């Protein structure tokens, strides 16, 4: 056969054979297969791999076995192959759940496809991350767990700490250090925490609906997911009465919430000189959900406080200037 074959995760819906059987073993195909769009030839991937001419059959779309195991390597030693995935197929990476096309990696036995960079990240542990500074984090299948950062459910794979049992979405870990997305936003952002699943406001970064915990700007009605923005430069929430700024701290101190030692980047308050770990000030563990109106009032009081402080500062400077002229 000289026709090109496409690697699919399931038989195509438009296949001529309603039973979607493998043209070699005649058994029903319920997973990975190679499909010819010209003559509707379809072969189960297991049959393709077992055949004597498997290297020829797979060559158009699968082009090399790698000396690595799939993400289930704790239970078996399935190998991984490199593959080309058609953009026309609606496929998603098992690790990050993002759309996948072009060059990919696949475990034919587990019937799973991965981004090359995702399977590489799977094998690495990370240390010193701002969301969990003191312990090692590693990827594991933790479906059904609640993300410590954004409080939303983790549907499949996430980062976890074996010591503290904290768990995070992959996106929350990846985006936590990225504040460049909001540096062009000149207003202070408020970290809303509203227990209302009916809210449908759109995220200004990814356009998807915001969840229970999100950033909002009263000045221009800008909203964004916590995981889309990470740690913004300036933020206000119910953990502290003033706005706080993301600042590099080069002196010894302690977090005003947990009492732990300060380190490098912290949130600092310019009004009362309190400092906070990023994960402490942004945590929703001890916070009760509030209505949006209650949180708006909190924000307006903060703005009022800022204005009063500016007036007091100007008044003080005026008095000093008047005395110096006498």
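No value in this document is a laboratory result; all are computed from the given coordinates. Keep in mind that this is a model prediction, so the values were computed, not measured. All Cβ positions, even for glycine, are placed from backbone atoms using ideal geometry, and neighbour counts span all protein chains on display.
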Sort 122, 117, 265 by Cβ crowding within 10 Å, fewest neighbours at the top. 117, 265, 122
Take 101, 223, 114 and order them by how many other Cβ atoms sit within 10 Å, fewest up front. 101, 223, 114
If 312, 189 are placed from fewest to most neighbouring beta carbons inside 10 Å, the sequence is 312, 189
